[in-house]
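Just below is one structure, and these are the notes that go with it.
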Amino acid sequence: PDQKECEPVSVLINVRPGDCDSVINLKAKGVLPVAVLGGEYFDITQIEANSLKLEGISPLRVTFKDITQPGVCGEIPDGHLDLMMKFNRNDILNAIGGNDNTRKVSLSLTGNLKEEFGGEPIKGSQLIELHFPSLRNTFK
């Protein structure tokens, strides 16, 4: 088979969309927001939402909203729908081996396009920094 047919479609993801940094506090609880950014280059409604996994973990919920644009800091809509997901933060940290040191890791999102759009696999990733705040910063 042709090798190009086996490679996933590359999608642009944004961990903690709207925030200007890619630091994840290891002590924080709750959800981790992640967006697949749509645009002229890609229609996110073609994604099979039930197939999405971040580091092997399924999202708690998926919504469609114009939240931000590629390469821009802050929530500045661009007129294109984005696919917004919420993941259980602890599940993601357990999947990547989050511990008590500061380090950079690449979070990977996988999934598939809907069958009517070819059913091809998709993949996106973003480099993030895991940070375990010191006790001194905890009480500020």
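The values are calculated or read from the model by the stated rules, or taken from the named source; none is laboratory data. Treat the numbers as computed from the prediction; the structure is a model and nothing was measured. In this analysis, Cβ positions are derived from the backbone assuming ideal geometry, glycine residues included, and neighbour counts consider all displayed protein chains. For the accessible areas, the whole protein counts, side chains as well, though only heavy atoms, and no ligand, DNA or RNA atoms are used. Shrake-Rupley method; radii C 1.70, N 1.55, O 1.52, S 1.80 Å.
Based on this model, can you work out whether Gly74 counts as over 13 Å from the mean Cα position of the chain (by Cα), open to solvent by less than 40 Å² (accessible area, probe 1.4 Å) and more than 23 Å from Lys114 (Cβ to Cβ)? Steps first, answer last, please.
Numbers: over 13 Å from the mean Cα position of the chain (by Cα): yes; open to solvent by less than 40 Å² (accessible area, probe 1.4 Å): yes; more than 23 Å from Lys114 (Cβ to Cβ): yes.
Judged against the criteria, Gly74 is a match.
With the condition kept exactly as written, say whether any residue in the range 69-76 is touching a helix residue (DSSP H, G or I) at 6+ places or on another chain (Cβ under 7 Å), in contact (Cβ under 8 Å) with a residue 24 or more places away in the chain, under 15 Å from Gly124 (Cα atoms) and not charged (D, E, K, R). Full working, then the answer.
At the first step, the residues of the range 69-76 found to be touching a helix residue (DSSP H, G or I) at 6+ places or on another chain (Cβ under 7 Å) are none.
No: zero hits.
Among what's in the range 58-68 and is more than 18 Å from Lys123 (Cα to Cα) and not aliphatic (A, V, I, L, M), pick the residue that is least open to solvent (accessible area, probe 1.4 Å). Can you show your working first?
Keep residues of the range 58-68 that are more than 18 Å from Lys123 (Cα to Cα), which gives 60-61, 63-68.
Then drop every residue that is not not aliphatic (A, V, I, L, M), which leaves 61, 63-66, 68.
Numbers: Arg61: 124, Thr63: 71, Phe64: 101, Lys65: 109, Asp66: 42, Thr68: 0 Å².
Ranking the qualifying residues of the range 58-68, first place goes to Thr68.
Return the residues of the range 96-107 that are modelled with pLDDT of 90 or more and open to solvent by 30 Å² or more (accessible area, probe 1.4 Å); say none if nothing qualifies.
The one that is modelled with pLDDT of 90 or more and open to solvent by 30 Å² or more (accessible area, probe 1.4 Å): Ser106.
Run Arg61 past the list (1) under 24 Å from Glu129 (Cβ atoms); (2) without any contact (Cβ under 8 Å) to a residue 40 or more places away in the chain and report the number of the one that doesn't hold.
(1)
Take the range 4-55 and flag every residue that is open to solvent by 50 Å² or more (accessible area, probe 1.4 Å), under 24 Å from Glu116 (Cβ atoms) and in a loop (DSSP other than H, G, I, E, B).
Within the range 4-55, Glu7, Pro8, Leu12, Glu40, Tyr41, Asp43, Glu48 qualify.
Has the range 43-57 got any residue that is free of Cβ contacts under 8 Å to residues at least 24 places away in the same chain and under 15 Å from Gln126 (Cβ atoms)?
Scanning the range 43-57 turns up no residue that is free of Cβ contacts under 8 Å to residues at least 24 places away in the same chain and under 15 Å from Gln126 (Cβ atoms).
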